[in-house]
Each structure stands twice: as C-alpha cells, then as structure tokens.
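Read the structure below first, then the notes.
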Amino acid sequence: MSEELKQIAKAMVAPGKGILAMDESHPTCGKRFKKLGIPETEAMRQAYRDMLVTTTGLSDYISGAILFDETIRQKLLDGTPFPEFLSANGIIPGIKVDAGAKVLAGHEDEKVTEGLDGLRDRLAEYYAMGARFSKWRAVITIGDNIPTMACLEANAHGLARYAKLSQEAGIVPIVEPEVLMDGSHSIEQSYQVTELAQRMTFQQLHTQGVLMEGMVLKPSMVISGADAANRADVETVAQQTVRCLMHTVPAAVPGIAFLSGGQSDTEASAHLSAMHNLGIDLPWNLTFSYGRALQQAAMSTWGGDTANVAAAQAVLLERARCNGKAALGEYSPD
C-alpha cells in the first residue's frame, strides 16, 4: 500500500500540473452563485461542476480534482459518475473529508477543524467510490494575541490524525494548514506564524507515523495581510515562502501544492512562478491547488447558462494553462 500511496502522491504533483479544488461547501458555493444570479440548487451545482470537469484538455494541466461529498455521489449530465469520468480522463479523484472549522472552546476568535469522528468509515466508503486522495483544511488567523498555542496544537494534531487515517485507507492525504490572509499583518508576522504552524504540523505528522512520501502539503504562501498598508511584492513573497518551506518541510515530501487563499488569479500565478526562479535547488515539486483562482472567471463567464459552457471552459483551460506554466516557472501575465 505504501508504494501505491507514493505513486499517487508523486502523480498529484507532476511537473507542470496542479490540483483543481472544486470542493466548495453548499454555503460557499451558494454565496458565489448568488453574486452572479445563479440559482442556488443541487442541479445547478451539478451542471457547474459538469462544465468544469468536461473541459477538453484539462488533464494537460490538472492532475487531480478535489470533490465535495455531494459531487462524488453525483453523475455528470450524461450519466457518468464524477469519479469514474475523472479517472478515465487522466485526473485523479479526491475528496474533502473535514467537517469544517468551528469555534475552538475557550478561544472565541480561533477555530479548530472537526470531522475525525467516523472518519475511518467515511474514508473506506470514499475509496470504494474511487477517491484516491483526500483533503483536510485547518485555518489559522493572525490578530491581537492570536494564534495561541492551543489553536496551533489542536489543528496540528487534527491534521496528523486525519492524515494517518487516510493513509490507512489507501488514500493520499493533502495536509492543509492555512494561515489566513485576512487582516493587516505584515509579511514578517505571516512568516513567523506560518513557520510555527508548519513546524508543529510536521511534528504531529511524525508522531502519528504518517508516511512523508505518501502525502502532499497544501500551505498558504507567506504573504502580507489583505489590508496591510505596504504589501510585499512578488519577489519577496516568493523568497519568504520558500525560506519558510526550507525550514519546515522534510525532503521526503514529494510536493507542495499551494492554496490561493484569496489572492487574485494572476497574483497567485505570479507568486508560484517566481518561486521557481529564485535559483534554489528545491527537494520537492512546487505546484498549485487552487479553487477560486482557477474557477472564478469561468464561473462568471458561465453564469448558469448552457449557452456559455464552451466560453467558460475556454476561460478555465486558459487559467489552468497559466498555472501549469507557473508550476514550471514560465508564467507571464502577458
């Protein structure tokens, strides 16, 4: 089983390819639909995700797709189950397995991700449905006197237990300790918190006996807060992000797939590409696992209208191509 995990993890972070995060919860997807006047129904979510995955040529730049529980149980409009279609078209099916971030007891400004109860059985079911990797997201907020050690420890422990359960089920875990961009913090503060969160996460992964070669890290970039007065430039973000990874991530991990975390689509591509051009020999592949930064323009173009499917797919493929180039250090805004 360990060899299979290694092979899948390596394929997920293949050079020039990344992961499409299409695992938005009903509230998150509904919020984005509402802004565009798209009906917030299961049928529209199915049609939207059908539009995404049936894009011709998507597998040239996308190695895997993270599904939501609803989606992995659905069929495409032609009647093919989503996981079956993805596998047949060279894209590894994945599944979001956490139950969301909830307020941490005794720490009203911080959250801990829930979902460990019953996870072993759910993972077995997802494996039978075709999922070969999973995702669990922890969220860390920077603010006055936070994050606390209680929050960091609780989330690191949860990520590690989830990862071990996933590997036990034959599923590659994507470990996602996200330090949120929300706030006015400096890039120096972002670095301090991100390094500590990643360091503590890998300590817990080691304690739980997680196979490093059979996992993928999905971190946030070391980046200034969205409301910071003087936000760091692309080169600085790339330098500080890679510096942080060099201090925290074992060389045995096959790859790192960044989340976009509220960055614009072009900003996320530029930062990733710049990391490949620092002249540093890195032990792991750096790629992307973007949601909104891949999908937003396509969703806007689609607008819930079947007449716009082809145009929306063209937009999605272009964003995927740009990020595939970024994962090789070859992206240009032009």
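The values are calculated or read from the model by the stated rules, or taken from the named source; none is laboratory data. Values in this document were obtained by computation on a predicted structure and should not be read as measured data. When we count neighbours, we look across all protein chains shown, and the Cβ atoms used for this are built from the backbone with ideal geometry, even at glycine.
Can you tell me which residue among Thr306, Thr287 is among the hydroxyl-bearing types (Ser, Thr, Tyr) and more than 22 Å from the chain's Cα centre (by Cα)? After ruling out the rest, the residue left standing is Thr306. Given the criteria under 23 Å from Phe258 (Cα atoms) and touching a helix residue (DSSP H, G or I) at 6+ places or on another chain (Cβ under 6 Å), does Arg49 qualify? For Arg49, the condition - under 23 Å from Phe258 (Cα atoms) and touching a helix residue (DSSP H, G or I) at 6+ places or on another chain (Cβ under 6 Å) - is met.
Quick check, is Arg231 surrounded by fewer than 24 Cβ atoms within 10 Å (Cβ to Cβ), of a type in the set (D, E, K, R) and not in a helix (DSSP H, G or I)? Yes, satisfied. Within segment 188-221, being over 12 Å from Pro173 (Cβ atoms) and hydrophobic (A, V, I, L, M, F, W, C) holds for Val193, Leu196, Ala197, Met200, Phe202, Met221. For segment 239-291, residues that are under 24 Å from Lys96 (Cα atoms) and free of Cβ contacts under 8 Å to residues at least 40 places away in the same chain total 2.
Here segment 1-39 is the region considered, the condition is being assigned to a loop (DSSP other than H, G, I, E, B) and modelled with pLDDT under 95, and the residue that is nearest to Ser289 (Cα to Cα) is Glu24.
For segment 136-167, the set of residues classified as of a type outside the set (D, E, K, R), in a strand (DSSP E or B) and within 20 Å of Ser289 (Cα to Cα) consists of Trp136, Ala138, Val139, Ile140, listed by residue number. Scanning segment 286-300 for residues that are within 12 Å of Leu52 (Cα to Cα) and either touching a strand residue (DSSP E or B) at 6+ places or on another chain (Cβ under 9 Å) or hydroxyl-bearing (Ser, Thr, Tyr) (or both) yields Gly291, Leu294, Gln295. Residues that are without any contact (Cβ under 8 Å) to a residue 60 or more places away in the chain, aliphatic (A, V, I, L, M) and crowded, with 16+ Cβ neighbours inside 10 Å: find the strands (runs of 3 or more DSSP E) completely inside segment 60-133 holding 1 or more of those. By residue number, 62-67, 101-104, 107-113. Looking at segment 264-277, which of the residues that are touching a helix residue (DSSP H, G or I) at 6+ places or on another chain (Cβ under 6 Å) and not hydroxyl-bearing (Ser, Thr, Tyr) is surrounded by the fewest Cβ atoms within 10 Å (Cβ to Cβ)? Filtering segment 264-277 for residues that are touching a helix residue (DSSP H, G or I) at 6+ places or on another chain (Cβ under 6 Å) and not hydroxyl-bearing (Ser, Thr, Tyr), the one surrounded by the fewest Cβ atoms within 10 Å (Cβ to Cβ) comes out as Asp265. So which residues in segment 1-20 are over 15 Å from Pro173 (Cβ atoms) and among the acidic types (Asp, Glu), if there are any at all? Within segment 1-20, Glu3 is the sole residue that qualifies.
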